[in-house]
Amino acid sequence: MRFELTKEFLEQIRKAIQQSDLDWIDKNVFELHYVDIAQILDELQNEEAKFIYFQLEEEVQADVLMELEEEVRDRFIKSLSKKEIAEQLENLDSDDAADILYELSDNEIHEVISHMEDDEAADDIVDLLNYDEDTAGGLMQKEFLFVQLHWKVGQALSEIREQAKDVEKVYTIYVVDSLNKLVGVLSLKALFFSDPDDFITDLYNGKNIISVKVTDEQEEVIRLFDKYGLVSIPVLDYQDKLVGRITIDDVVDIIREEADRDFQLATGISEKVEENASIFRISRARLPWLIIGMLGGTLGAKVISSFEGSISMIPALAFFIPMITAMGGNVGVQSSAIVVQSLAKGNQFKSVFAKLGKEVLVGLFNGLICSSLIFGIASVFGTIDLGIVVSLSLFVVIVFAAVMGTLIPLILDKYDIDPALATGPFITTLNDVLGLFIYFTIGMLIYS
């Protein structure tokens with residue numbers, strides 16, 4: 001049955017918490033899927049959420065904790081003592097535990113680790129913290145299933161049963177040699193349907209194994225998952241030793257975060273902001289591009305004032321100013337969005353001129369159609385001369401905007417600046433100013 005959180009149900013939960021009615025909570029909350037429980041905790045006050053959370057079983061606590069909204073989870077963790085945080089980390093996969101510790105200061109991390117009773121889990125988490133969180137080493141988890149090449153099937157099954165206690169999701173069994181170097185993978189079918197005395201060396205697959213190094217950037221990890229349709233990928237150190245794995249759920253989280261970030265950049269928000277962020281922080285994130293847009297508008301006004309005489313002589317020119325600026329901005333954003341999307345997928349263009357040529361052809365085609373339509377409309381508003389000015393200007397603006405929309409993200413990417421910036425107010429403002437200049441220059445030339 002699909003769960004739907006309602007205002008009435010939230011009020012019932014709050015009432016049950018106030019009355020410490022654990023029987024009602026057990027029947028109506030604890031029976032839900034952990035994702036639904038996390039959704040409920042997202043809507044509760046921190047103390048109310050803690051009351052529910054600490055009544056859950058430890059395994060469910062771990063799942064619920066990682067499903068909480070990021071800002072809710074951060075607030076929840078910061079409200080716990082260092083010992084309580086340590087207890088929670090011991091129930092999590094190593095990569096999830098490291099993600100939580102990344103948000104703490106070095107002193108806080110040291111204090112939390114000192115409270116952990118599971119030394120092996122603590123060592124795994126500390127190892128992950130040594131990697132940049134945007135690399136494969138920072139994304140990987142240390143829990144995975146493996147067998148050694150020289151083992152027999154019977155020994156492999158026994159070892160896997162022990163390893164599986166710490167592995168929540170089983171995707172692949174990795175095969176390593178005596179030096180712990182990855183040599184292949186083993187299917188569950190081959191393992192279960194083989195004689196206990198068979199050797200792993202006769203059963204494993206050592207061909208076309210896709211892996212990443214601990215230092216590989218997360219963009220490369222995403223590209224490999226997308227290209228090969230992976231559900232998990234092994235992570236190797238500098239000596240090709242197997243040190244961890246990255247699973248599809250972590251990659252999906254990264255893709256979602258990157259999409260949110262690119263969307264914010266494209267809409268002119270320069271830093272990450274949450275729903276419950278302060279007014280000051282929200283304003284700080286939005287102001288830079290608002291100021292740039294304001295300055296761009298000022299430049300546009302300066303361009304218009306420079307052609308004040310032309311406008312006073314031919315007032316009809318003013319009618320089409322909004323159309324010229326809007327079309328230039330729209331075409332530029334469309335072109336840049338295509339380029340940014342390709343760059344995000346890891347597609348490096350073999351030739352800038354080839355991509356630029358394609359966008360110019362698209363601009364020419366769209367410009368011819370739009371300018372033909374606007375010629376008739378502008379001629380009705382004024383004269384044939386006005387129709388020529390507006391249609392020719394629109395054609396040039398569309399082609400120019402397509403070129404700029406292609407070049408700018410490519411240039412930004414070349415200099416390691418996020419090309420998503422090009423799809424926002426930056427390119428819109430630029431095309432507005434230059435579009436107006438093109439429009440009035442053509443008008444002045446034709447009418448003179």
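Remark: spin-label model distance MET294-ASP118 equals 5.3 nm, labels positioned 7 Å along the Cα→Cβ axis. Here segment 7-138 is treated with +1 on each Lys and Arg Cβ and -1 on each Asp and Glu Cβ, and its dipole about the Cα centre works out to around 880 debye.
Determine, for LEU179, LEU22, the number of other Cβ atoms within 10 Å of each Cβ, and report the residues in order from fewest to most.
Ranked by crowding around the Cβ, least crowded first: LEU179, LEU22.
The modelled label-to-label distance between ASP177 and ALA316, using points 7 Å beyond Cα along the C-beta direction, is 8.2 nm. Stretching HIS110 away from GLU308 to a fully extended chain increases their span by 64.6 nm, per 0.36 nm per residue minus the current alpha-carbon distance.
Taking GluC sites (Glu not before Pro) across segment 50-96, the ones in a DSSP loop with at most 12 further Cβ atoms lying within 10 angstrom of their Cβ are GLU57.
To the nearest 0.05, how large is the calculated FRET efficiency for GLU43 and ALA326 if R₀ is 41 Å and r is the Cβ-Cβ distance? According to the calculation, E is roughly 0.50.
Computed from the C-beta positions of SER379 and GLN341, the FRET efficiency with R₀ = 51 Å rounds to 0.85.
Where in segment 32-96 are there trypsin sites (Lys or Arg not before Pro) that are in a DSSP coil and have at most 14 other Cβ atoms within 10 angstrom of their Cβ?
none
About the centre of its Cα atoms, the chain shows a dipole size close to 3360 debye [charges on the beta carbon of Lys, Arg (+1) and Asp, Glu (-1) only; nearest 20 debye].
Annotation for ASP195 and LYS358: the two label points, set 7 Å from Cα along the Cα-Cβ direction, are 5.7 nm apart.
If you take the beta carbon distance between ASP253 and LEU188 as r and set R0 to 30 Å, what does 1/(1 + (r/R0)^6) give as a FRET efficiency, to the nearest 0.05? The calculated FRET efficiency here is 0.70. Taking a point 7 Å from the Cα of GLU31 along the Cα-to-Cβ direction, the residues of segment 37-63 with backbone N closer than 18 Å to it are 37-38, 40, 56-57.
Since every read-out is calculated from the coordinates, none of them should be taken as a lab result. In this text, all values refer to a predicted model and were calculated from it rather than measured experimentally. Every residue, glycine as well, gets a Cβ built from its backbone with ideal geometry; the counts of neighbours run over all protein chains shown.
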